[in-house]
Amino acid sequence: MESFWEPFYLTVKLSLLTSLLLLPISVPIAYFVVFKKGLVSRILEVVCNLPMVLPPTVLGFYLLLLMGKRGPFGELWEKLFGHQLAFHFEGLVVASIIFSLPMMVNSLTSGFRSVPRVLIEASLTLGKTPLQTLWYVILPNSKPAILAGLILSFVHTMGEFGVVLMVGGNIPGQTRTLSIAIYDATESLDYRTAHLYSAILIAVSFVSLLALLFMLNRRDHDKGLP
């Protein structure tokens, strides 16, 4: 029997893993969007923001087609690992990365654009490669944006419902996250449990966003901004 805290632990695990995996995925995307002007970069930026405006059921439906037994990724995954990608925790991770991609990419693009161009040009003039400039100049000057992206991705993943339900279903211990547990409790008229799970989500989201706000205010204070 599933314990009360199991959906919480699963949700935190999913959110942490999604946020950490999103960072290395989003850095090259944000770099290309900011520093490679042209039609391709604009299209890439739009595509990365689609998960933010598409209904979660639409996104979940197409992810399910791709990751299901007959989907190209699902079939390959099953051959490699012996089980299907959809309706497993790994499938939730893939879906959550795509669902929360706009949170990380938009934070990083904002941070990269705020780096003074004179620092970037000076690094390139001194013979550093674009990769070295990214590592030693752009990323260190984008730390607040990186932290903001991690926190926003974490909170955004914790609250997702539609994509989780479509791709992962409702399997205790594997894909039953807090949002699914709230839905189940409400459907069975167990409002006490629904209140408790909802309060946990609200508390975690509040503390996370408060930490982000404190961090941004401290950065502005260090820069001498009002």
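Observations on the structure shown:
- Summed over segment 189-226, the residues that are at pLDDT below 90 and on the phi > 0 side of the Ramachandran plot give a count of 1.
- Residue, nearest to A181 (Cα to Cα), within segment 22-41, restricted to residues that are surrounded by fewer than 17 Cβ atoms within 10 Å (Cβ to Cβ) and modelled with pLDDT of 95 or more: L23
- Taking segment 94-174 as the region of interest, the helices (runs of 4 or more DSSP H) fully inside it that hold 3 or more residues being in contact (Cβ under 8 Å) with a residue 40 or more places away in the chain and either surrounded by 22 or more Cβ atoms within 10 Å (Cβ to Cβ) or over 17 Å from the mean Cα position of the chain (by Cα) (or both) are 143-158, 162-168.
- Test: A86 is under 21 Å from the mean Cα position of the chain (by Cα), among the small types (G, A, S) and not in a helix (DSSP H, G or I): yes
- Any chance A181 is in contact (Cβ under 8 Å) with a residue 60 or more places away in the chain, surrounded by 13 or more Cβ atoms within 10 Å (Cβ to Cβ), in a helix (DSSP H, G or I) and under 17 Å from the mean Cα position of the chain (by Cα): no
- Comparison of L131, L178 shows that the only residue that is farther than 21 Å from L50 by Cβ and out of contact with any helix residue (DSSP H, G or I) (no Cβ under 8 Å at 6 or more places or on another chain) is L131.
- Residue that is surrounded by the most Cβ atoms within 10 Å (Cβ to Cβ), among those in segment 194-215 that are of a type in the set (S, T, Y) and touching a residue at least 24 places away in the same chain (Cβ under 8 Å): Y197
- Residue within segment 67-79 that is out of contact with any helix residue (DSSP H, G or I) (no Cβ under 7 Å at 6 or more places or on another chain), touching a residue at least 24 places away in the same chain (Cβ under 8 Å), assigned to a helix (DSSP H, G or I) and not β-branched (V, I, T) present: no
- Checked against the criterion of being more than 28 Å from G68 (Cβ to Cβ), among the aliphatic types (A, V, I, L, M) and at pLDDT 90 or above, segment 155-173 has at least one qualifying residue.
- Against the conditions (1) over 23 Å from F99 (Cβ atoms); (2) assigned to a loop (DSSP other than H, G, I, E, B); (3) not hydroxyl-bearing (S, T, Y), N217 satisfies every one except (2).
- Flag for F89 being crowded, with 20+ Cβ neighbours inside 10 Å and of a type in the set (F, W, Y): no
The values are calculated or read from the model by the stated rules, or taken from the named source; none is laboratory data. Given the structure is predicted, the values throughout are model-derived calculations rather than measurements. As a convention, Cβ positions derive from the backbone with ideal geometry for all residues, glycine included, and neighbour counts pool all protein chains shown.
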